[in-house]
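Q: The structure that follows is given in the form of structure tokens.
The values are calculated or read from the model by the stated rules, or taken from the named source; none is laboratory data. Keep in mind that what you see is a predicted model, and the values were worked out from it rather than measured. Positions of Cβ are backbone-derived with ideal geometry, glycine not excepted, and every protein chain shown enters the neighbour counts. Protein only, heavy atoms only, side chains kept; ligands, DNA and RNA dropped before computing areas. Shrake-Rupley method; radii C 1.70, N 1.55, O 1.52, S 1.80 Å.
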Amino acid sequence: MTEIEEKLSSRIKQCFARSLHIRHVDSGSCNGCDFEITALMNPVYDIQRFGIDFVASPRHADMLLVTGGVTRNLEAALRKTYEATAHPKMLVAIGGCACGGGMFGDTYAHLGGVDKILPVSVYVPGCPPRPQAILEGILHAIERAHELESSRKGNGAYAARTSNV
Ligand code: SF4
């Protein structure tokens with residue numbers, strides 16, 4: 001296991017009782033980023049060994065991975081998906097388009113990056129980002145959610161931030 005994979009596995013055990021469920025939403029991508037997410041399930045990355053799985057309903061999901069900028073015809077669907085996602089509603093923007101609109105920018109058909117309409121926990125840039133970068137983004141989102149939850153409960157600072165991307 002790589003260092004990132006070990007940390008990810010440990011955080012999922014610690015914070016999500018060994019099971020992190022993710023809903024992937026394509027809000028207007030070219031499918032390049034989606035292929036990299038799909039690669040996470042192949043025998044090379046095999047993220048199910050860490051307790052990660054993809055689910056069809058946001059009501060079963062702890063986290064959203066969003067690819068593509070937000071096209072106007074998918075804006076409402078993305079908002080509804082976010083509202084239906086379970087607390088703590090971690091949202092990871094995957095790829096340059098989801099992070100900031102990419103080459104499509106702000107046009108009559110396209111709003112731009114995901115943060116134009118929803119709070120983004122972590123940005124994973126790249127066109128497309130590599131699977132390792134996506135894994136690290138997932139790890140950052142978990143640590144950020146844990147940190148926010150710890151400070152909300154008054155447990156002091158969560159000092160285990162370990163990644164440097
Ligand atoms: S970041 Fe690149 S690969 Fe990903 S959706 Fe945009 S154009 Fe496609």
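Q: Report the extension gain between residue 55 and residue 39 in nm, rounded to one decimal, defined as 0.36 nm multiplied by the number of residues separating them, less their alpha carbon distance.
A: Between residue 55 and residue 39, full extension yields 4.2 nm more.
Q: Give the Rg (one decimal place) followed by the Dmax (whole number) of the chain, computed from C-alpha coordinates and expressed in Å.
A: Over the chain's Cα set, Rg and Dmax evaluate to 15.3, 47 Å.
Q: Once each part is reduced to its C-alpha centroid, what is the distance from the stretch 4-67 to the stretch 78-150 in angstrom?
A: Each part reduced to its Cα centre gives a spacing of 13 Å.
Q: Now, a different point. Report, in degrees rounded to the nearest 10, the 0 to 90 angle that the Cα long axis of helix 3-16 makes with the longest principal axis of the chain.
A: The helix 3-16 is inclined about 80 degrees to the chain.
Q: Residues with beta-carbon under 13 Å from that of residue 111, excluding residue 111: net charge, scoring Lys, Arg +1 and Asp, Glu -1?
A: Surrounding charge for residue 111 is 0.
Q: Measure nothing fancy, just the Cα-based angle from helix 131-152's long axis to the longest principal axis of the chain, in degrees from 0 to 90, nearest 10.
A: 70 degrees
Q: Turning to a different aspect of this structure: Under 21 Å between alpha carbons: how many lysine pairs meet that in the chain, if sequence neighbours fewer than 8 apart on the same chain are excluded? Walk me through the numbers on the way to the answer.
A: Values: 7/89; 13/89; 13/153; 80/89; 80/116; 89/116; 89/153.
Lysine pairs meeting both conditions in the chain amount to 7.
Q: Next up: Counting only protein heavy atoms and using a 1.4 Å probe, what share of the accessible area of the stretch 1-66 belongs to carbon plus sulfur, as a whole percent?
A: Numbers: 1680 of 3350 Å².
After summing per-atom areas, the C and S share lands at 50 percent.
Q: Determine the gain in length on full extension of the stretch residue 132-residue 6; use 0.36 nm per residue of separation and subtract their C-alpha separation, reporting nm with one decimal.
A: Fully extending the segment from residue 132 to residue 6 adds 44.1 nm.
Q: Another question, if that's okay. For the chain, with every protein chain kept in place, what is the accessible area per residue (1.4 Å probe, Å²)?
A: 50 Å²
Q: What FRET efficiency comes out for the pair residue 103/residue 144, r = Cβ-Cβ distance, R0 = 30 Å, nearest 0.05?
A: Taking R0 as 30 Å, the efficiency between residue 103 and residue 144 is 0.60.
Q: Starting from 0 in steps of 5 Å, tell me what percent of the Cα-Cα pairs of the stretch 45-127 lands in each bin.
A: 3, 16, 24, 23, 18, 10, 4, 1, 0
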